[in-house]
Each structure stands twice: as C-alpha cells, then as structure tokens.
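Report on one structure; see the data block that follows.
The values are calculated or read from the model by the stated rules, or taken from the named source; none is laboratory data. A quick note: this is a predicted structure, and the numbers were derived from the prediction, not measured. Counting neighbours? That spans all protein chains shown, and the Cβs are built from the backbone with ideal geometry, glycine included. For accessibility, only protein heavy atoms count, side chains too; no ligands or nucleic acids. Shrake-Rupley method; radii C 1.70, N 1.55, O 1.52, S 1.80 Å.
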Amino acid sequence: MTNKNVTFCITGALESYKRNDAVKLVEAKTNAKFVSKVSSNTDYLVSMSKDTVKAKRAKQFGTIVIDEAEMLVFIKKGKFPQPKVWITKN
C-alpha cells in the first residue's frame, strides 16, 4: 500500500474553530493535507451535517464524511486513518 498523505476538506461552520484555524491544526497534528474542493481524490470531508448536498456528493466519490468531534479524535491520535483501512459503522 502506498503511504500517501490523507486529504481532507471542510465544509460549513465548525463549532469550536474557525475554518483556517482548523485547517492549520489538522495539518500540524496529523498526516492530512487540506484540499479546497471535494473530488474523487478527497479522503475525508468534515461537515457538521451528513445530509447536505456537498456531503451526499462526497459520499458518491467515496469520500468519508465525518463531523467535528471525529476530526478532533483524529487530531488527538495524531493521524487520520488511511481510508481503505478504516471501516465505518453507519
């Protein structure tokens, strides 16, 4: 398996952080790199609601949609799981 950087995008407002602050924190503390748009190359979308148009489109690309609390768990762990390895319980 290729050891690539995980990519993430943030949509909408977060409860605890301004978007720029969240991006800087994630990039500083994890293996993830910010991308400005969701595409088939985006691994994670951080969204407070999983039923928005952008979240639904992200799921069609195979992007994993997480909320702010899940993002904070990954920050605490120091990395976002490689998407092919992480199994969701939806």
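Within the range 61-81, is there a residue that is open to solvent by less than 60 Å² (accessible area, probe 1.4 Å) and at pLDDT below 90?
no
Name every residue in the range 1-12 that is farther than 15 Å from F74 by Cβ and open to solvent by less than 80 Å² (accessible area, probe 1.4 Å), in order of residue number.
Matches in the range 1-12: T11, G12.
Suppose we keep only residues that are part of a helix (DSSP H, G or I) and free of Cβ contacts under 8 Å to residues at least 40 places away in the same chain within the range 20-49. Which one would you say is least open to solvent (accessible area, probe 1.4 Å)?
Going residue by residue through the range 20-49, those that are part of a helix (DSSP H, G or I) are 20-29.
Those still in the list that are free of Cβ contacts under 8 Å to residues at least 40 places away in the same chain too: 20-21, 23-24, 27-28.
Working: N20: 110, D21: 77, V23: 20, K24: 138, E27: 69, A28: 82 Å².
Applying the filter and picking the extreme gives V23.
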